[in-house]
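J.: Next up is a structure, given as structure tokens.
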Amino acid sequence: MKLVTYLQDGRERVGILSPDGAAVRPLPCVDMNALIEGGDLAGAAARAGEAVPLGAVTLLAPIPRPRQDMICLGMNYKAHLEEAAGYDAGAFAKEKPVAVYFSKRVTEAVAPEGAIRSHPGLVERLDYEAELAVILGKTARNVKAAEAGEYIFGYTVVNDVSARDVQTGHKQWYFGKSLDGFTPMGPCIVTAEEIAFPPALDISSRVNGETRQAANTALLINSIAEVLEELTAGMTLLPGTIIATGTPAGVGMGFDPPKFLKPGDVVECEIAGIGVLRNTVE
């Protein structure tokens, strides 16, 4: 099942995409957070309304306003770890194979086809990161790795937009990852039963049609199951929690010379089975 959040006649709605992706059926839910927290997707789907052509609505990010900061993993693909260390060893060196966690403030996630803000005067090195995001469907505490799949509501695509100069200049990642317009998300949430666990999905990004990243989510250094077991040993994760699992090699800072984004660039992040997240830098 593919779930979306969309605008119709000025009203924000949640719905189910038709199998051909040409229409959407509204669900009786206030928003996506309420649908996830309600724990009865099947019941909500049974009460879905009449289909509306997708061309008659405007897609928003699947979870436009996450209730908490997004949890992110840094340097979770080996090749990206190597290119990051090559760009700035002091900021990105990783001596042990432990997970690197950071959080990302998301006041409002950017919609598919929405704008990535370039923040002139503040940011000079604007970068992209295609990532698989995991969305939890129930409260998670002391989760064992073997049970991790049972806690997942679904998956979406996230572009972890980053200001590399701000990120490295402050010696921490929160500010350089959390500027307004830095979290494109979408185009949909694919529910967990549609994707075998653990996900082994082709992931890629393109800038102005040029392929920059190409890998598979099976190559994660720290798996989704390991991450859930580790995090929930010490903290409670609530329904609707979003975990961005890291980006593969091919980000802008990894090239020589670097290929940072500029206004007018079109960035496409794609994950097989989920879709293409397309955004333009402004």
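The values are calculated or read from the model by the stated rules, or taken from the named source; none is laboratory data. All of these numbers come straight from a predicted model, not from anything done at the bench. When we count neighbours, we look across all protein chains shown, and the Cβ atoms used for this are built from the backbone with ideal geometry, even at glycine. Note: areas computed on protein heavy atoms with side chains; ligands, DNA, RNA excluded. Shrake-Rupley method; radii C 1.70, N 1.55, O 1.52, S 1.80 Å.
J.: Return the carbon/sulfur percentage of the accessible area of region 127-282, one whole number, probe 1.4 Å, all protein chains in place.
T.: Ligands and nucleic acids excluded, carbon and sulfur give 53 percent.
J.: Sticking with this one: Build a GNM of the chain with springs between Cα atoms under 10 Å: which of Val52, Val106, Val161 gets the top mean-square fluctuation?
T.: Val52
J.: With Cβ to Cβ distances under 11 Å as the rule, what net charge do the other residues near Ala249 carry (K, R +1; D, E -1)?
T.: Charge balance near Ala249 sits at -1.
J.: Rolling a 1.4 Å sphere over the protein heavy atoms, what is the accessible area per residue of region 79-226, to the nearest Å²? The partial results should precede the final answer.
T.: Values: 6250 Å² over 148 residues.
Averaged over the residues of region 79-226, the accessible area is 42 Å².
J.: While we're on this one: Using all alpha carbons of the chain, what is the percent of pairwise distances in each 10 Å bin, ordered from the shortest bin to the longest?
T.: 7, 31, 37, 20, 5, 0
J.: Which net charge results when you count Lys and Arg as +1 and Asp and Glu as -1 among the other residues whose beta-carbon is under 13 Å from that of Arg105? Numbers along the way, then the final one.
T.: Numbers: positive: Arg65, Arg67, Lys104, Lys177; negative: Asp69, Glu108, Asp160, Asp180.
Surrounding charge for Arg105 is 0.
J.: Starting at the first residue of region 20-31, write each ³J(HN,Hα) from the Karplus equation 6.51 cos²θ - 1.76 cosθ + 1.60 with θ = phi - 60°, in whole Hz, x for Gly and Pro.
T.: Running phi through 6.51 cos²θ - 1.76 cosθ + 1.60 with θ = phi - 60° gives 8, x, 9, 8, 9, 10, x, 9, x, 9, 5, 7 Hz.
J.: Still on this structure: Suppose every K and R has +1 on its Cβ and every D and E has -1 on its Cβ; what is the size of the dipole of the chain about the Cα centre, in Debye to the nearest 20?
T.: 380
J.: In what sequence, largest accessible area first, do Cys72, Cys29 appear using a 1.4 Å probe? If you can, show how the numbers build up before the last one.
T.: Details: Cys72 0, Cys29 35 Å².
Most to least solvent-accessible, the answer reads Cys29, Cys72.
J.: What Kirkwood Rh does region 43-155 have if only Cα atoms enter the pairwise 1/r average? Answer in Å.
T.: Hydrodynamic radius (Kirkwood, Cα pairs) of region 43-155 is 18.1 Å.
J.: Hey, for a label at Glu82 modelled as a point 7 Å past Cα toward Cβ, could you say which residues of region 253-282 have their backbone N under 16 Å away?
T.: 254-256
J.: Considering only the other residues whose Cβ falls under 14 Å of the Cβ of Ala215, what net charge follows from Lys and Arg at +1 and Asp and Glu at -1? Don't jump to the answer; show the numbers that get you there.
T.: Numbers: positive: Lys78, Arg206, Arg212; negative: Glu82, Glu83, Glu129, Glu131, Asp202, Glu270.
Residues near Ala215 contribute -3 overall.
J.: Just list whichever of Lys104/Lys138; Lys138/Lys171; Lys2/Lys259; Lys177/Lys259; Lys144/Lys177; Lys78/Lys177 have alpha carbons separated by over 23 Å in the model shown.
T.: Listed pairs above 23 Å: Lys138/Lys171; Lys2/Lys259; Lys144/Lys177.
J.: Still on this structure, please answer the following. Would region 208-262 count as rounded, prolate or oblate if I go by the C-alpha gyration tensor, calling it rounded below 1.5 in a/c and otherwise prolate when a/b exceeds b/c, oblate otherwise?
T.: Cα axes put region 208-262 in the prolate bin.
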